[in-house]
């Protein structure tokens with residue numbers, strides 16, 4: 001069985017994975033819609049729904065569950081997403097220039113998201129592999145296990 005720390009780590013990694021995937025999906029799949037709304041109405045009121053994410057509210061404690069590489073991948077992905085959001089909020093570009101810029105940035109975001117997803121999947125798999133290998137190890141001294149108490153990982 002996984003320790004509480006391992007379970008918490010798995011949950012944080014999964015939450016980061018789902019949050020990034022949802023943001024990427026909205027930026028990519030609704031791109032034509034949000035560009036068209038901006039071009040036709042010159043309004044920016046729909047952008048918060050597209051660019052909302054939970055990463056900006058993640059605490060240091062939550063991020064500490066991730067490896068350094070994963071934290072860097074998270075930061076690169078969300079920083080570029082925030083740059084796109086800022087551009088859309090502040091631009092005075094014509095719709096064709098705006099669309100070209102968004103297309104370029106979304107392609108870069110897709111690559112960063114793919115990299116982030118690899119890091120998250122690997123980290124989640126490593127935790128699973130560590131847990132399996134520990135549970136399959138022969139038990140030589142049953143006194144090592146404390147039922148109902150805290151282990152070294154808490």
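Read the figures in this text as sums done on the coordinates, not as results from a lab. Quick caveat: nothing in here was measured; it's all calculated off a predicted structure. A quick note on method: Cβ atoms are made from the backbone with ideal geometry, for glycine too, and the neighbour counts reach across all protein chains shown.
Figures for the structure shown
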| quantity | calculated |
| --- | --- |
| Normalised contact order of the stretch 4-130, rounded percent, pairs of Cα under 8 Å and 6 or more residues apart | 40 |
| Kirkwood Rh and Cα Rg combined as Rg over Rh, evaluated for the stretch 4-130 | 1.04 |
| Highest average packing first - 35-44, 73-82, Cβ atoms within 10 Å | 73-82, 35-44 |
